[in-house]
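**Student:** Got a structure for you, questions after.
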Amino acid sequence: RGPAESALVICFGMGTTYRSALSWGIKTTAVELVPSVKDAFGFYHADAARVLQNPNGRIVVDDGRRYLERTRNQYDVIVIDPPPPIEAAGSSLLYSQEFYEVAKQRLRPHGILAAWYPGGDLLAGRAIARSLCECFPHVLLFGGVEDYGTHFLASMEPIEPLSGAELAARLPAEAKADLLEWNPGQDLAAWFNHVLSRQSPADQVLDPDPKVRVTDDRPF
């Protein structure tokens, strides 16, 4: 498919994911449960005021699941960015099989859902992987580049394999600067290759026990 045109971020948090999505020049919506979280954006990012004025951006104060169930919008990218620890009250509901079933209804054809597991209990990570693999036929897993957490990409269609150079060529200039903000001087294609080198098949981390999964009524 063509370039992404829209993104949805569930959990505003520090605003980093929202800020990064806007650097692509696409329509970006963030959903945050707690109103005061948005007000703290400037504490974490000096350019928060400028980002908040971006006409492509919108922040909605609502529960993430409720928003997904009520909206009729569809998105090219949905990012689930729950606050760690995953054991916190309510966080597990953003990793549940039922949550992913709702989210995938809001993906456009060839859309991708990205979920972050910040790390912790090994079985919990396997449970999250099982919930994703039960909902999506195509799931990729990437270890964090600094050995912190795991990133999942999930889609109803195959995710096109691209090299670091191909990925780098697709980024707008502002998105390139955003990606290397904490790694100035790095070669972008080499950085992408480093990320890609940490990929492994998601189905290889599933627990032999199919009950090791996350559901609404049985948080793991």
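**Student:** How far is the Cα center of the stretch 26-99 from the Cα center of the stretch 192-212, in Å?
**Tutor:** Centre-to-centre distance over Cα atoms comes out at 25 Å.
**Student:** Here's a follow-up. Along the Cα→Cβ direction, 7 angstrom out, place labels at ASN193 and ASP209. What is the inter-label distance in nm?
**Tutor:** 4.2 nm
**Student:** Could you work out the relative contact order of the stretch 109-165? I mean the mean sequence separation of Cα pairs under 8 Å and 6+ apart, divided by the number of residues, in percent. Don't skip to the answer; put the middle values down first.
**Tutor:** Numbers: 75 pairs, mean separation 25.7, N = 57.
Result for the stretch 109-165 is 45 percent.
**Student:** Could I ask something else about it? Need one number: % antiparallel among DSSP beta bridges in the chain, to the nearest 5. Please list the in-between numbers first.
**Tutor:** Values: 14 of 33 bridges.
Once the DSSP bridges in the chain are tallied, antiparallel ones form about 40 percent.
**Student:** Here's another thing I want to ask about it. Work out the FRET efficiency for ASN183 and ASP47 from their Cβ-Cβ distance, taking R0 = 25 Å, and round it to the nearest 0.05.
**Tutor:** With a Förster radius of 25 Å, E is 0.85.
**Student:** Same structure, new question: Ignoring the sites themselves, what is the longest stretch of the chain with no trypsin sites (Lys or Arg not before Pro) in a DSSP loop and at most 15 other beta-carbon atoms within 10 Å?
**Tutor:** With a cap of 15 other Cβ atoms within 10 Å, the longest stretch comes to 73-197.
**Student:** Among the lysines, which have Cα under 21 Å from the Cα of LYS27 when same-chain residues fewer than 8 positions away are ignored?
**Tutor:** LYS27 reaches LYS38, LYS104, LYS176.
**Student:** With the contact rule set at Cα under 8 Å and sequence spacing of 6 or more, what percent relative contact order holds for the chain?
**Tutor:** 20 percent
Throughout, read-outs are computed from the coordinates displayed, never taken from laboratory work. Predicted model, so just to flag it, every value in this text is computed and none were measured. Neighbour counts run over all protein chains shown; Cβ positions are idealised from the backbone, glycine included.
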